[in-house]
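Below is one structure, written out as structure tokens; comments come after it.
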Amino acid sequence: MARDVRMGIVEAAYGCVVRRGIGATSLEEVARAAGVSRATLYRYFPGGRDEVIGAVVSWQTLSFFEVLAQAVAGAPDLETLLVEGLLAAHRAVEEHAVLQRLLATEPQLLVPQLTVESPQIVAMLKGFFLARFAGHRLRAGLEHAEAADYVARLVLSFIGSPGRWDLDDRDQVRELVRSEIMAGLVAPGEPFELSAS
């Protein structure tokens, strides 16, 4: 029941952010939209507005990566998983109307929230990759946890800032994966089939 109330507040807050933006979203509006009193809202979010907005960003970020994990679930090898994942992530970011609007109108409010979430995102991605690296031989001297952390950070970096790479172009994404990610994990020409996780 407590989780339902908390989640109801988070969902209501997201609706407020969608309608009005981060800066214009007030606790009163969130409480009204969630159908709870302001006291109830503070019981679940003692940190007030910043904690509520942080919970919204966290929830949406987690949802984004859950959808992404489902999109690459059938990948037969690491290279395919990374190529398809980067293509899908780029498309999803570009097509996310709320995210694009907030980045255009309130980056000073959104970007710090995303930065706060970054360690949790890296940890989640690291766990995702670590499960898929089990039983695979990596480049000499490279531990599985270190490799998973490396891939998690690179993937997150490229999703947020692709640099010279065109993430709409499958051939460029494949070259990025081969030259920037896979080259750091396995010896050239070595196959890397994924563990079934």
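Amide H to amide H under 5 Å from Val186: which residues, 5+ apart in sequence or cross-chain, H placed 1.01 Å off N in plane?
Counting only residues 5 or more places away or on other chains, the set is Arg139.
When only Cα pairs under 8 Å and 6 or more residues apart are kept, what is the percent relative contact order across the range 93-190? Before the final figure, lay out the partial values.
Numbers: 50 pairs, mean separation 23.2, N = 98.
It rounds to 24 percent for the range 93-190.
Can you give me the distance in nm between label points at Arg137 and Gln100, each placed 7 Å from the Cα along the Cα-to-Cβ direction?
4.7 nm
Can you work out ³J(HN,Hα) from phi for every residue in the range 40-48, in order, using Karplus 6.51 cos²θ - 1.76 cosθ + 1.60 and θ = phi - 60°, giving whole Hz and x for Gly and Pro?
Listing the rounded values in order: 5, 4, 5, 5, 8, 9, x, x, x Hz.
Dipole of the range 1-83, Cα-centred, from +1 at each Lys and Arg C-beta and -1 at each Asp and Glu C-beta, to the nearest 20 debye?
Details: 8 positive and 9 negative charges, 108 e Å.
For this selection, approximately 520 debye.
Would you pull out the residues with amide H under 5 Å of Asp77's amide H, same chain only if 5 or more places away, H placed 1.01 Å from N?
Counting only residues 5 or more places away or on other chains, the set is Leu194.
Ranked highest first by the average count of other Cβ atoms within 10 Å around their residues, in what order do 170-181, 108-119 fall?
Result, highest mean Cβ count within 10 Å first: 170-181, 108-119.
Would you calculate a helix-derived [θ] at 222 nm for the chain, using -39,500 (n - 2.57) for each DSSP H run of n ≥ 4 and dividing by the full residue count, to the nearest 500?
When only DSSP H runs of four or more count, the value is -22500 deg cm²/dmol.
Place +1 on the Cβ of every Lys and Arg and -1 on the Cβ of every Asp and Glu in the range 118-181, take the dipole about the Cα centre, and give the residue among Gly135, Gln172, Leu154 whose Cα lies farthest towards its positive end.
In the range 118-181, that residue is Gly135.
Over the range 109-174, what percent of the accessible surface lies on carbon and sulfur atoms, probe 1.4 Å?
55 percent
Convert each backbone phi in the range 122-133 into a coupling constant with the Karplus relation 6.51 cos²θ - 1.76 cosθ + 1.60 (shift: θ = phi - 60°), then list the ³J(HN,Hα) values in order as whole Hz, x for Gly and Pro.
4, 4, 5, 5, 4, x, 4, 6, 4, 5, 8, 8
Which value, in debye to the nearest 20, gives the size of the charge dipole of the range 61-197 about its Cα centre, when Lys and Arg are +1 and Asp and Glu are -1 at the Cβ?
Rounded to the nearest 20 debye, it is 200 debye.
Calculate one ³J(HN,Hα) per residue across the range 75-88 by plugging θ = phi - 60° into the Karplus curve 6.51 cos²θ - 1.76 cosθ + 1.60, and present them in order as whole Hz with x for glycine and proline.
Result, rounded to whole Hz: 5, x, 8, 5, 4, 5, 4, 5, 4, 5, x, 5, 4, 5.
In what order, largest first, do Val5, Val30 sit by accessible area if the probe radius is 1.4 Å?
Details: Val5 35, Val30 0 Å².
Order by accessible area, largest first: Val5, Val30.
Tell me the label-point distance for the pair Glu180, Asp168, using the 7 Å Cα-to-Cβ offset, in nm and rounded to one decimal.
1.7 nm
The values are calculated or read from the model by the stated rules, or taken from the named source; none is laboratory data. Small disclaimer: the values here were computed from a predicted structure and weren't measured. Counting neighbours? That spans all protein chains shown, and the Cβs are built from the backbone with ideal geometry, glycine included. Side chains included, ligands, DNA and RNA excluded: accessible areas come from the protein's heavy atoms. Shrake-Rupley method; radii C 1.70, N 1.55, O 1.52, S 1.80 Å.
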